[in-house]
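> One structure coming up, written as structure tokens, with questions to follow.
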Amino acid sequence: MEVGFLGLGIMGKAMSINLLRRGFKVTVWNRTLSKCDELVEHGASIGETPAAVVKKCKYTIAMLSDPSAAQSVVFDKDGVLEQISTGKGYIDMSTVDAETSLKISEAIKAKGGDFLEAPVSGSKKPAEDGQLVILAAGDKALYEEILPAFDVLGKKSFYLGEVGNGAKMKLVVNMIMGSMMNAFSEGLTLAERSGLDPGTLLDVLDLGAISNGMFKLKGPTMLKNNYSPAFPLKHQQKDMRLALALGDENAVPMPVAAAANEAFKKARSLGLGDLDFSAVHETLKALDHST
């Protein structure tokens with residue numbers, strides 16, 4: 001199977017390499033074209049524009065940073081819309097709001113193409129290991145056709161029905177994750193300030209009912225002040241904002257998520273946006289506790 005891949009950030013690069021390793025022919029594009037060079041070493045071809053990639057490939061996957069980037073690649077000059085046509089499928093795996101997915105879907109369908117939104121749950125390491133959870137919605141036939149690629153990229157794929165449902169599910173998941181990360185950061189800081197060993201707290205949490213993969217993965221690195229970005233904080237804050245907007249639409253009170261969003265905004269104001277989302281922990285350290 002030959003696929004196009006648009007966007008070679010932390011996630012897209014790892015996903016593209018997995019496809020190449022598993023025998024897929026992959027044509028890649030990135031806004032900064034030099035980022036494609038490493039993929040060429042793994043056997044990829046380069047498309048000069050998103051339109052060129054779509055022209056060459058029956059299936060094109062996009063993994064972009066936010067709604068603005070997702071729309072730009074589709075609607076701008078030399079974008080996806082210039083070459084999408086009947087018999088071609090476009091799979092957007094970016095994390096965006098449902099409105100953005102619907103706008104892209106309508107434009108693709110108007111040109112005769114098929115569309116699937118397929119945001120993923122998971123960050124850098126799951127992407128590298130092919131262990132993402134894929135939340136797909138849209139054209140069912142396209143979902144079934146692209147499953148061989150999804151099986152390489154993820155450990156499980158869900159088909160969630162109409163376009164918009166994938167985006168909503170991803171925002172709910174990331175909203176919970178962001179809220180948990182703030183509670184976790186507060187707990188680590190409270191333990192330390194109370195004279196407890198935060199490392200022992202990690203052991204206690206891991207043995208209890210609230211044990212989870214995120215605490216186990218992020219806790220040790222947070223205690224070492226290591227915030228190498230697996231999932232950049234600025235993207236987590238974007239997802240919190242989009243989730244809160246979804247809450248507004250559905251009249252769901254979300255005080256915990258709103259407070260978490262403010263903490264991520266504080267972290268961005270401290271210049272931590274490009275670090276891992278666990279760097280929200282630093283906002284607590286930044287508080288004056290000399291009194």
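The values are calculated or read from the model by the stated rules, or taken from the named source; none is laboratory data. Just so it is clear, the model here is predicted, and its values are computed rather than measured. Cβ placement follows ideal geometry from the backbone for every residue including glycine, while neighbour counts extend to all protein chains displayed.
> Output the number of residues of segment 141-161 satisfying the condition of being touching a residue at least 12 places away in the same chain (Cβ under 8 Å) and either touching a helix residue (DSSP H, G or I) at 6+ places or on another chain (Cβ under 7 Å) or under 20 Å from E2 (Cβ atoms) (or both).
Here the count works out to 14.
> Residues F184, F158: which one is more than 15 Å from the chain's Cα centre (by Cα), of a type in the set (F, W, Y) and in the same structural domain as Q236 (by TED's automatic domain parsing)?
Answer to the selection: F184.
> Same structure, new question: Out of the residues in segment 14-58 meeting the condition of being of a type in the set (S, T, Y) and surrounded by fewer than 15 Cβ atoms within 10 Å (Cβ to Cβ), tell me which one is farthest from the chain's Cα centre (by Cα).
S34
> Please state which of the following conditions A260 fails to meet, knowing it meets all the rest: (1) aliphatic (A, V, I, L, M); (2) assigned to a helix (DSSP H, G or I); (3) within 21 Å of I10 (Cα to Cα); (4) within 19 Å of the chain's Cα centre (by Cα).
(3)
> Please work out if K125 is at pLDDT below 95, of a type in the set (D, E, K, R) and out of contact with any strand residue (DSSP E or B) (no Cβ under 8 Å at 6 or more places or on another chain).
yes
> Look through segment 170-220, keep the residues that are of a type in the set (V, I, T) and either modelled with pLDDT under 95 or in contact with a helix residue (DSSP H, G or I) (Cβ under 7 Å, 6 or more places away or on another chain) (or both), and return whichever of them is farthest from K124 (Cα to Cα).
Result: T189.
> Condition check: farther than 21 Å from S94 by Cα and loosely packed, with under 14 Cβ neighbours inside 10 Å. Does G219 satisfy that?
No: the conditions fail for G219.
> Quick one: E38 ticks every box in (1) within 24 Å of E99 (Cα to Cα); (2) modelled with pLDDT under 95 bar one, so which box is it?
(1)
> Would you confirm, using the coordinates I've provided, whether H289 is exposed (fewer than 13 other Cβ atoms within 10 Å of the Cβ) and either touching a Ser or Thr at 6+ places or on another chain (Cβ under 6 Å) or modelled with pLDDT under 95 (or both)?
Yes: the conditions hold for H289.
> I would also like to ask the following. Please enumerate the residues belonging to segment 77-116 that are crowded, with 21+ Cβ neighbours inside 10 Å, within 22 Å of the chain's Cα centre (by Cα) and assigned to a loop (DSSP other than H, G, I, E, B).
Of everything in segment 77-116, those that are crowded, with 21+ Cβ neighbours inside 10 Å, within 22 Å of the chain's Cα centre (by Cα) and assigned to a loop (DSSP other than H, G, I, E, B) turn out to be M93, S94, T95, V96, D97.
> Among what's in segment 176-195 and is among the hydroxyl-bearing types (S, T, Y) and part of a helix (DSSP H, G or I), pick the residue that is surrounded by the most Cβ atoms within 10 Å (Cβ to Cβ).
Result: S185.
> Sticking with this one: Being over 18 Å from K125 (Cβ atoms) and either aliphatic (A, V, I, L, M) or part of a helix (DSSP H, G or I) (or both), is that true of even one residue in segment 225-233?
Within segment 225-233 (the criterion being over 18 Å from K125 (Cβ atoms) and either aliphatic (A, V, I, L, M) or part of a helix (DSSP H, G or I) (or both)), the answer is no, since none of the residues qualifies.
> Out of (1) in contact (Cβ under 8 Å) with a residue 24 or more places away in the chain; (2) out of contact with any strand residue (DSSP E or B) (no Cβ under 7 Å at 6 or more places or on another chain); (3) farther than 22 Å from K168 by Cβ; (4) surrounded by fewer than 17 Cβ atoms within 10 Å (Cβ to Cβ), the odd one out for M214 is which?
(3)
> Would you mind stating whether G164 is touching a residue at least 60 places away in the same chain (Cβ under 8 Å), under 17 Å from the mean Cα position of the chain (by Cα) and surrounded by 14 or more Cβ atoms within 10 Å (Cβ to Cβ)?
Considered against the rule, which asks whether it is touching a residue at least 60 places away in the same chain (Cβ under 8 Å), under 17 Å from the mean Cα position of the chain (by Cα) and surrounded by 14 or more Cβ atoms within 10 Å (Cβ to Cβ), G164 comes out as yes.
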